[in-house]
Amino acid sequence: MIRRNEMKWCLSVFVTAVALLSLGGVLQAQTTNAGTPVLDQAQIERAERTQQIEQNKAAFVNELLSQWASEAASRGYDAYWQKGQRNLLGLGADELLALSQKAKDFDTFDKLVFRGFKLNALGDLTLDLVYFPLAPCRLLDTRIGTGTFAGPKAPGTEVAFSVNDTLGPQGGLLAGCGVPTTDPPALSVVITAVPTDTGQGNLRAYPTGGTIPTASVVNYQGGVVVAAGTITQSAVTTNELTVRNQGGGTTHIVVDVTGYFAPATFPIVGRAYANVLVSGTSATLNAARTKGFSSVTRAAAGIFCLNFTDAALSAATAPVVVTPEWDSSSGFDLLAYHTASAFGCPAGTDVGVRTYQFAAGGAPVLSDNVDFYVWVP
């Protein structure tokens, strides 16, 4: 059942939507004179009409967003306008009208706008883990390890070992395997049992200091070498991973890493990417987050020109993604897009990017007030 205040809001938004969208002709059928030559003036009128439609559509989006502005602010949506406009402007008029009727409360509106239409290609930096593959690399081998890492493990014993520190003493690759020193939350590993007697048992992997799992990774029988792959959590400690020999046999333990899971970073993968930092009238590449781009220059306000290091890459044929770094403190919506023709940039430019900012309901204006990413998957 719809409460009285919800019905009042729905009616208000719906009436506003119809008025704004109808004004620009979004809900009106466009007619043409069949057989009549298209004149330049007609083209101009159509362009003006299209522009009016887009302006009215933007006005409706702003009206729709403003209905929930105070509610969003109380929930900490700092980039409320930016996210909302970006998601809603990509919808058609009919979809916008349908949305205005469905969103009877903020939770529904939040789900439809911020989640239902949001494309988060790079993952959530706080919730999602991304898989980073590695060439198979030896972490542990008790056949050649020294000290506590030497010798087969008897039933009911275990070995805790590092995944990113000095691996040589534990029988691993002396140069390391490329696992970050920040201790990733999970690892993809292959565990091998090399039995030394006729007994049988199983190997169990778990984060050091954690609870021994009831499920095994490898089940072995004396005289038979057995290997199996698994994904396991790792601990934030000196020796992050533990493998336990459970059962009645004695066995050497060998562990190889094939990848790790870590919070998403930009970019996850890609042939080329760049983080462009804009300060005043200058633009620079963030070296720590740049690969495959050689330079960036600022041609004019809001116009930036980038070049690839790989001559085989072309913005005309390769998909290029541009993502702004939102500056919600400005109170403006910041947009960025690229063009394969690199308009406004010198001849020979590979990727041209234009960045805009605009107040809610206002016209976009070229602006230097935004850092951005360029990514070629």
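Taking a sphere under 14 Å around the Cβ of E240 and counting the other residues whose Cβ falls inside, with K and R at +1 and D and E at -1, yields a net charge of -3. Among V225, V194, V163, V370, a tally of other beta-carbon atoms within 10 Å of each Cβ gives an order, fewest to most, of V225, V194, V370, V163.
Taking Cβ atoms as reference points and 15 Å as the exclusive limit, the residues near P169 contribute a net charge of 0, counting Lys and Arg as +1 and Asp and Glu as -1.
Taking the Cβ of T281 as the center, what net charge do the other residues with Cβ under 14 Å away carry, scoring Lys and Arg +1 and Asp and Glu -1? Walk me through the numbers on the way to the answer.
On the way: positive: R298; negative: D368.
Spelling it out: positives minus negatives among the neighbours equals 0.
Any read-out appearing in this document is the output of simple, stated calculations on the displayed coordinates, not a laboratory observation. These figures come from a predicted structure and were not determined experimentally. FYI the Cβ positions are ideal-geometry reconstructions off the backbone, even for glycines, and counts take in every protein chain you see.
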